[in-house]
Structures are given as structure tokens and as C-alpha cells.
């Protein structure tokens with residue numbers, strides 16, 4: 001499986017670009033980038049998912065980890081999630097804790 | 001498909017999931033239905049590896065088949081009995097993420113996205129079958 005998570009910063013926004021397949025074997029890479037984003041005290045975490053083709057519960061646990069690492073007032077925005085990934089997130093009720101968007105917020 | 005038998009350990013996951021994707025292709029599943037089969041299979045396989053065989057080495061067997069109306073994938077292991085169809089730990093879906101404990105999601109997801117999950121314990125083995133309709 002191939003998976004990449006790359007963290008970049010733009011002002012107070014942390015952007016993690018996810019590519020490939022986020023599964024039980026690759027989720028640790030995602031957690032590491034979330035940890036780095038949390039250390040940078042961003043005000044907004046954007047997860048860019050348009051090149052992410054697959055996500056299992058290991059990825060969902062990464063979202064829980066992100067929500068718990070970041071301060072309560074830090075928004076998490078998921079951009080470009082495919083239908084199956086968005087549906088997976090909704091099935092477990094995580095859409096109450098993150099926002100979906102078609103574009104990276106200004 | 002011919003049976004695949006591998007050690008029940010994380011290092012086997014890529015090869016096990018490649019088998020599942022070959023099955024989806026043979027069955028002509030749509031992209032979305034192939035996604036759900038893959039998700040259900042990963043969750044149940046990871047569960048067997050990380051819980052069933054956490055402290056005891058063993059093997060996990062996959063067998064798959066394509067029928068006119070459906071595709072089935074059978075997971076067979078010799079870990080202690082675990083019936084995912086009787087597992088009632090539905091995650092607290094309305095609880096905010098910040099208050100949730102990790103885990104408890106995989107079996108719930110597998111049962112939700114598969115058309116059917118069947119289980120029997122026979123001759124000392126867990127036999128878990130995931131069924132996806134082809135249409």
C-alpha cells in the first residue's frame with residue numbers, strides 16, 4: 001500500500017495533504033503528522049483528501065487523535081473526501097466533530 | 001478463488017488485502033462496493049490479528065467466491081471464539097470526538113458496510129463470511 005501525509009503551514013493554518021491508502025499499516029504516519037501539527041499550535045487544521053482513495057477505522061482513530069490533541073477551538077476541515085470516505089466518517093458520527101468542504105478555507 | 005493461508009500478523013495484511021481486491025475485480029464489483037468489501041475485510045482481519053492472535057501465533061485463511069448474485073469472502077482462524085455478528089459494542093455515535101475512547105469502530109463498520117456478515121464456530125475455528133451483492 002502506498003500512503004503519504006505531508007504537513008505544511010500557512011500562517012495559523014496547518015495543512016496535511018493525504019495521498020493514497022490510509023489503513024492499519026499506514027495510520028501511524030498520519031498520527032505523526034497530526035502530532036507535529038498540534039505542536040505548532042495552529043488555529044485551523046485542514047486535511048486535504050482529494051488524493052486519498054481509501055480510509056479504514058485506523059484513519060478514523062487518527063481523526064479522534066487529532067480532535068483530542070488539538071485545542072477545543074481549533075477547527076478540523078476535511079477537503080475533497082471521496083464519497084465512500086465521507087460516508088464512512090458519517091457512519092460513525094464523526095461529522096459532528098469535523099467540517100467537510102470542497103475547497104481549502106481562505 | 002484458491003485459498004490463501006498466511007501468518008496472522010500485521011506483516012501479512014498487504015497480501016491479504018490484495019487477495020480481497022482480486023476477488024472484487026473477479027466479481028465485477030463497482031468501485032464503491034469494492035471499497036466496502038475492502039473496508040469490511042480489513043476491519044475483521046485486523047481484529048483477528050490484533051485481538052484473536054495477539055499473544056499466540058497462528059494462521060489466517062482467506063477463501064473467496066463469486067456467485068451469480070453475490071461475492072463472498074470467508075475468514076478462518078483458530079483463535080478463541082469471537083462472533084462479530086453478536087458483538088454489540090456499537091460506538092456512541094453522538095458523542096463528540098474529543099470525549100471518545102479510541103477503538104470499537106472496526107467491527108461496527110464491517111457489519112454496517114457489508115451486505116451480510118455470517119459467523120460460525122466449527123471444529124475449533126472461527127469461520128466469518130462477508131457477503132457483498134454484485135448489484
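Can you order the peptides A:91-99, A:43-51, A:15-23, B:7-15 by their average number of other Cβ atoms within 10 Å per residue, highest first?
Values: A:91-99: 16.9, A:43-51: 18.8, A:15-23: 20.7, B:7-15: 14.7.
My ranking of the peptides, most packed first, is A:15-23, A:43-51, A:91-99, B:7-15.
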C-alpha center-to-center spacing [region A:1-61, region B:1-55] in angstrom: 24 Å
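Provide Rg over Rh for the protein assembly as shown; use the alpha carbon set for both Rg and the Kirkwood Rh (inverse mean inverse pair distance). Show your work: numbers first, answer last.
Numbers: Rg = 18.3 Å, Rh = 18.6 Å.
Rg/Rh: 0.99.
Please give the average number of partner chain Cβ atoms lying within 10 Å of the Cβ of each residue in A:93-102, rounded to a whole number. Don't jump to the answer; show the numbers that get you there.
On the way: counts 8, 6, 0, 5, 6, 1, 0, 0, 0, 0.
Across the residues of A:93-102, the mean count of other-chain Cβ atoms within 10 Å is 3.
Counting only other chains, and only Cβ atoms inside 10 Å, what mean value do you get across the residues of B:31-42?
Details: counts 4, 4, 1, 2, 9, 3, 0, 5, 8, 1, 1, 8.
The shielding value for this peptide is 4.
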Neighbouring partner chain Cβ atoms per residue of B:105-112, average, 10 Å criterion: 4
Direction-averaged shadow area of the convex hull around the Cα atoms of region B:1-101, nm²? 8.2 nm²
At 0.36 nm per residue, minus the direct Cα-Cα distance, what do residue A:8 and residue A:101 gain on full extension? Give it in nm, one decimal, please. 31.6 nm
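Just for chain A, what percent of DSSP beta bridges are antiparallel, to the closest 5? Write out the running numbers ahead of the final one.
Working: 8 of 25 bridges.
The antiparallel fraction comes to roughly 30 percent.
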Kirkwood hydrodynamic radius (C-alpha pairs) into Stokes-Einstein, region A:1-46, 10 °C and 1.306 mPa s, D in µm²/s: 147 µm²/s
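Averaged over every viewing direction, what's the projected area of the C-alpha convex hull for region A:16-84? Give it in nm², one decimal, please.
Averaged projected hull area, Cα only: 4.1 nm².
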What residue among B:63, B:85, B:32 shows peak mean-square fluctuation when chain B is described by a Gaussian network model with Cα springs under 10 Å? B:32
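Rule-based calculations on the coordinates, nothing more; no lab input. Remember, predicted model here, so these are calculated numbers, not experimental data. In this analysis, Cβ positions are derived from the backbone assuming ideal geometry, glycine residues included, and neighbour counts consider all displayed protein chains.
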